[in-house]
Every structure is written in structure tokens, then in C-alpha cells.
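Quick notes on the structure that follows.
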Amino acid sequence: MYGYGTTDEHGALLTAVLDATNTFHVWPGDRAGNIGAAASDAVLVLNPSGDFDGDGMSNADEETAGTGADEGTSRFTVDALETPVGSGTFTITWFAATGRAYSLLYADELTNGTAWAGVDDWTNVAGQGALVTYTGTVTGLDQRFYRVNVRRAE
């Protein structure tokens with residue numbers, strides 16, 4: 001069974017009822033009621049707060065990160081590694097999707113309302129569809145925390 005919907009006088013979709021696979025199919029129609037061939041591939045419609053692929057990221061977060069909300073193996077991850085252990089030198093690596101901008105931030109402590117600062121030359125880095133690796137050194141500190149923010153590029 002296919003989903004169905006209603007349109008306004010300009011043909012804009014107003015409502016949609018999806019089929020059992022969350023898919024909506026589109027066919028053009030004229031004012032006389034004639035229906036043509038399918039106008040598009042199937043369109044998967046997802047609840048932004050849901051997790052369609054069960055990978056632990058919401059569908060909305062996957063859209064922001066540029067990962068596939070319908071692929072359980074596609075999710076935004078950040079890997080950190082100290083090399084060699086005890087040296088204070090480390091790497092932080094993530095996949096930077098095309099059309100997204102990334103900022104590497106740090107804080108020396110985590111408290112309620114922690115103020116995160118941008119790592120020099122690592123804010124608003126344009127994703128190029130490849131892995132990105134930051135190499136840093138921390139000396140004279142007991143700890144430092146890092147996080148990667150991602151947003152759609154402007």
C-alpha cells in the first residue's frame with residue numbers, strides 16, 4: 001500500500017499519510033484528475049526526535065552531522081588517542097562531512113556552565129568529505145577536555 005496526501009491549489013503537499021515503511025511516493029496530477037508517472041523516488045519521512053536506524057543519534061542530529069539517519073553504521077564519532085601513552089601528545093580524529101563546518105573546543109574543567117574556548121585555527125573548519133585529525137600537546141595540566149561542534153555550513 002502506498003501513502004497518500006493532500007495538496008493546495010499550487011500543488012504543494014499539505015498532509016501526507018505514509019505507508020508501512022515510512023515512505024511517501026509522489027505522482028503528478030492535473031486539474032482533470034489525470035495522474036502521470038511517478039515524479040520522484042520514494043521519500044523517507046522521519047520523526048526528528050526519533051532514531052530510525054537505532055544507532056543512538058536522533059534523526060535531527062544525523063541531519064546536522066551529515067550522517068545517514070537510515071544507516072545504523074553511519075553516525076558522528078570522535079576518536080582520541082594519546083601517542084605514546086604518557087607523552088602528553090594526542091590526536092583527535094573525526095569524519096568531516098561535506099557541507100558541514102566543525103569547531104574543536106576545549107575546557108580545563110567541567111562545571112555547570114563550563115565556558116568552552118576554540119582551539120586556535122580549528123573553528124569553522126569546512127568539511128571536505130574526509131577524515132580530519134588534530135594533533136595537540138598538553139603539558140603542565142592534570143586534565144583538559146575537548147569536544148567537536150558540527151553545524152551546517154553557511
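Applying the criterion of being of a type in the set (A, V, I, L, M) and closer than 13 Å to Phe76 by Cβ to the residues of segment 44-63, the residue that is surrounded by the fewest Cβ atoms within 10 Å (Cβ to Cβ) is Ala60. From the set of residues in segment 89-103 that are under 20 Å from Gly118 (Cα atoms) and either exposed (fewer than 12 other Cβ atoms within 10 Å of the Cβ) or aromatic (Phe, Trp, Tyr) (or both), which is farthest from the chain's Cα centre (by Cα)? The qualifying residue farthest from the chain's Cα centre (by Cα) is Phe90.
When the residues of segment 122-154 are narrowed to those that are charged (D, E, K, R) and without any contact (Cβ under 8 Å) to a residue 40 or more places away in the chain, which ends up surrounded by the most Cβ atoms within 10 Å (Cβ to Cβ)?
Step one: list which residues in segment 122-154 are charged (D, E, K, R), which gives 142, 144, 147, 151-152, 154.
Imposing the further condition that a residue be without any contact (Cβ under 8 Å) to a residue 40 or more places away in the chain reduces the set to 142, 144.
Values: Asp142: 7, Arg144: 13.
Applying the filter and picking the extreme gives Arg144.
Taken together, the residues in segment 117-154 that are over 28 Å from Pro84 (Cβ atoms) and either assigned to a loop (DSSP other than H, G, I, E, B) or of a type in the set (Val, Ile, Thr) (or both) amount to 8. Just a yes or no: is a residue in segment 62-77 among the basic types (Lys, Arg), modelled with pLDDT of 90 or more and out of contact with any Phe, Trp or Tyr (no Cβ under 9 Å at 6 or more places or on another chain)? Scanning segment 62-77 turns up no residue that is among the basic types (Lys, Arg), modelled with pLDDT of 90 or more and out of contact with any Phe, Trp or Tyr (no Cβ under 9 Å at 6 or more places or on another chain).
For segment 50-82, give me each residue that is of a type in the set (A, V, I, L, M), more than 13 Å from Arg152 (Cβ to Cβ) and not in a strand (DSSP E or B). Working first, answer last.
If we filter segment 50-82 for residues that are of a type in the set (A, V, I, L, M), which is where we start, we get 57, 60, 65, 69, 78, 80-81.
Imposing the further condition that a residue be more than 13 Å from Arg152 (Cβ to Cβ) reduces the set to 57, 69, 78, 80-81.
The answer is Met57, Ala69.
The values are calculated or read from the model by the stated rules, or taken from the named source; none is laboratory data. What you are looking at is a predicted structure, and each value in this text was computed from that prediction instead of being measured. Please note: Cβ atoms are built from the backbone with ideal geometry, for glycine as well, and neighbour counts cover all protein chains shown.
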